[in-house]
Amino acid sequence: MTARTVLLLVLDGISDRPCPDLNGKTPLQAAATPLLDRLATQGVCGIMDTIGPGIRPGSDTSHLSLLGYPPERYYTGRGPLEAEGCGIHMEKGMIGFRGNYATLGKDGTILDRRAGRIHETWELSAAIQQGVDLSLFGITFGFCSGAGHRAALALKGEGLGPEVSSNDPKREGVVPPVVRPCTDRKADRKTADACNEFVRQSHEILEDHPLNRTRVSRGEPPANIVLIRGAGEMGYFESFEERYHLRGSVIAAATLITGIGKVVGLRHVPVAGATGSVDTNLKGKIAAAVRELEQQDFVLLNIKGADEAAHDGNARVKKQFIERIDASLSPLLELSDCLLVVCGDHSTPCTIRDHSADPVPLLLHGEGVRVDSVQRFDEFSCAQGGLHRLPGLSLMPIVLDLINKAHKYGA
Ligand code: ZN
Ligand code: ZN
């Protein structure tokens with residue numbers, strides 16, 4: 001018997017370095033994790049360099065690597081992936097940007113880069129989508145709200161280049177710069193001109209929008225300008241189904257991860273109350289994954305909160321959230337026929353408040369795995385495991401082999 005389905009559970013930024021706040025333990029070591037430990041005891045463990053030794057991964061590049069898409073070949077920047085994740089269907093050659101609503105003062109400077117952390121911007125985005133006209137450039141566009149003050153823009157048309165700067169001044173009290181081409185190529189100049197026109201027209205629409213007038217009358221900062229950044233050209237992604245003959249779903253709160261799932265053809269399954277923070281609806285996400293596995297061959301489930309706590313440098317909150325994750329996992333122990341893969345996408349040490357190149361723990365649980373002697377799911381115990389130390393691109397081949405879908409190399 002071999003497992004039939006695969007659940008790839010990515011605990012975002014789960015691994016760490018020794019933390020002074022936890023008596024020199026990592027949050028994963030310090031946390032009580034009886035269920036993860038049981039899975040480790042019954043499974044095979046190892047550590048993984050999701051991209052390569054010494055390379056600090058972003059969440060985007062590491063997820064591409066875990067899914068078997070070499071980031072150096074497929075990654076063209078965060079913009080196109082965010083745009084796809086926000087609900088814009090990205091086609092090859094389109095230029096994607098991440099963006100956010102901000103407040104522009106009467107003096108032309110940015111008063112608030114997040115427009116008072118506005119949420120519910122759907123009406124504004126719809127007005128921009130309807131009102132802005134870039135036909136002068138021969139360009140059509142998609143513009144969508146993301147979570148909170150976030151949004152995404154994508155441009156479609158002939159002769160567009162991705163090498164352009166941002167209009168986000170990255171701080172308040174200054175005038176937003178115009179978008180500039182980063183090369184002297186005509187294509188990049190065209191994109192920059194279209195971006196500036198987009199910003200100008202959308203600003204006019206936003207200034208007059210009833211929602212913003214109401215905000216101003218209430219003393220709230222209006223969301224009257226769109227800041228865009230992270231330009232990238234959408235590439236071609238062979239779908240998961242073509243590549244592995246697996247049909248799959250993605251469950252993630254972060255639009256970046258949703259976008260990665262969608263560009264490789266995974267079905268996006270929204271979950272109410274999934275926030276990407278430590279207050280997320282863990283039960284709902286796990287239940288959705290279990291439900292999807294009844295229909296699909298593969299589910300990518302990303303849980304983000306630990307990464308966020310580590311970016312805030314908060315080792316205790318990270319440890320507590322890990323304990324909450326563990327307590328929510330019991331439905332996974334009931335899965336039959338499933339190869340369960342648990343790993344991080346990168347380490348996020350609380351001491352550096354950013355991602356590091358330290359390898360992540362990895363655990364495989366299911367029919368046929370060569371159970372090793374590891375009894376705890378943490379950075380140090382997993383380093384003693386039977387999988388030793390793997391590159392992230394080896395994960396999918398190992399998974400395919402275990403579910404009997406690998407091709408034989410040779411006779
Ligand atoms: Zn991450
Ligand atoms: Zn992070």
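The values are calculated or read from the model by the stated rules, or taken from the named source; none is laboratory data. All figures in this text were calculated on a predicted structure; none of them were measured in a lab. Note: ideal-geometry Cβ built from the backbone for every residue, glycine included; neighbour counts use all protein chains shown. Accessible surface areas use protein heavy atoms only, side chains included; no ligands, DNA or RNA. Shrake-Rupley method; radii C 1.70, N 1.55, O 1.52, S 1.80 Å.
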Seminar exercise, completed: Whole-Å distance linking the alpha carbon centroid of segment 386-411 with that of segment 1-39 is 22 Å
Seminar exercise, completed: Rounded to the nearest 0.05, FRET efficiency between E207 and R267 (Cβ-Cβ, R0 41 Å) equals 0.60
Problem set entry | At most 16 other Cβ within 10 Å, DSSP loop - chymotrypsin sites (Phe, Trp or Tyr not before Pro), segment 229-312 | Y236
For this session: With an 8 Å cut-off on Cα pairs and a minimum separation of 6 or more residues, tell me the relative contact order of segment 1-127 in percent.
Result: 9 percent
Seminar exercise, completed: Within segment 99-136, DSSP-loop trypsin sites (Lys or Arg not before Pro) with at most 14 other C-beta atoms within 10 Å are K106
Exercise. What full-extension length gain, to one decimal in nm, is calculated for K283 and E91 as 0.36 nm per residue of separation minus the Cα-Cα distance?
Worked result: 65.7 nm
Exercise. Say each of C182 and H245 gets a label point 7 Å from the Cα, pointing the same way as Cα to Cβ; how far apart are those two points in nm?
Worked result: 4.1 nm
Problem set entry | Residues in segment 135-159 that a label on T214 would reach, taking backbone N under 18 Å of a point 7 Å out along Cα→Cβ | 145, 148-149
Exercise. With charges set only on the Cβ (+1 for Lys and Arg, -1 for Asp and Glu), what does the dipole of segment 279-411 come to about its Cα centre, in debye to the nearest 20?
Worked result: 120 debye
Seminar exercise, completed: To the nearest 20 debye, segment 81-233 has a Cα-centred charge dipole, built from +1 on Lys and Arg Cβ and -1 on Asp and Glu Cβ, of 360 debye
For this session: Might you report the magnitude of the Cβ-based charge dipole of the chain about its Cα centre, with Lys and Arg at +1 and Asp and Glu at -1, to the nearest 20 debye?
Result: 260 debye
Seminar exercise, completed: With the 8 Å Cα cutoff and a minimum separation of six or more residues, the chain has a relative contact order in percent of 33 percent
For this session: Enumerate by residue number the trypsin sites (Lys or Arg not before Pro) in segment 369-407 meeting two conditions: DSSP loop (anything except H, G, I, E, B), and at most 14 other Cβ atoms within 10 Å of the site's Cβ.
Result: R370
For this session: Determine the per residue accessible area of segment 81-233 with all protein chains present and a 1.4 angstrom probe, expressed in square angstrom.
Result: 47 Å²
Exercise. What does a probe at A383 reach in segment 1-27, counting residues whose amide N is under 12 Å from the point 7 Å along Cα→Cβ?
Worked result: 16-18, 26
Seminar exercise, completed: So, with points 7 Å from each Cα along the Cβ direction, the E323-R200 label distance in nm works out to 5.8 nm
Problem set entry | Antiparallel content of DSSP bridges confined to the chain, in %, to 5 | 60 percent
Seminar exercise, completed: The ³J(HN,Hα) series, computed from each phi in segment 223-240 with the Karplus coefficients 6.51, -1.76 and 1.60 at θ = phi - 60°, rounded to the nearest Hz and given as x for glycine or proline, is 8, 10, 8, 9, 9, 10, 7, x, 4, x, 8, 5, x, 9, 10, 4, 6, 4
Exercise. How far apart, in nm, are the 7 Å Cα→Cβ label points at S394 and L136?
Worked result: 5.6 nm
Seminar exercise, completed: Along segment 161-169, Karplus-curve 3J(HN,Hα) (6.51, -1.76, 1.60; θ = phi - 60°) to the nearest Hz, with x for Gly and Pro, reads x, x, 8, 10, 7, 10, 9, 8, x
Problem set entry | Carbon + sulfur, % of accessible area of the chain - ligands and nucleic acids excluded, 1.4 Å | 49 percent
For this session: Return the FRET efficiency for the residue pair V174, T351: r is the Cβ-Cβ distance, R0 is 45 Å, and the value is rounded to the nearest 0.05.
Result: 0.90
Problem set entry | Taking the C-alpha atoms of the chain, convex hull volume expressed per residue in Å³ | 154 Å³
Exercise. Cysteines of the chain lacking any other cysteine beta carbon under 4.7 Å?
Worked result: C19, C182, C195, C338, C343, C350
For this session: Provide the per residue accessible area, probe 1.4 Å, for segment 263-365, rounded to a whole number of square angstrom.
Result: 36 Å²
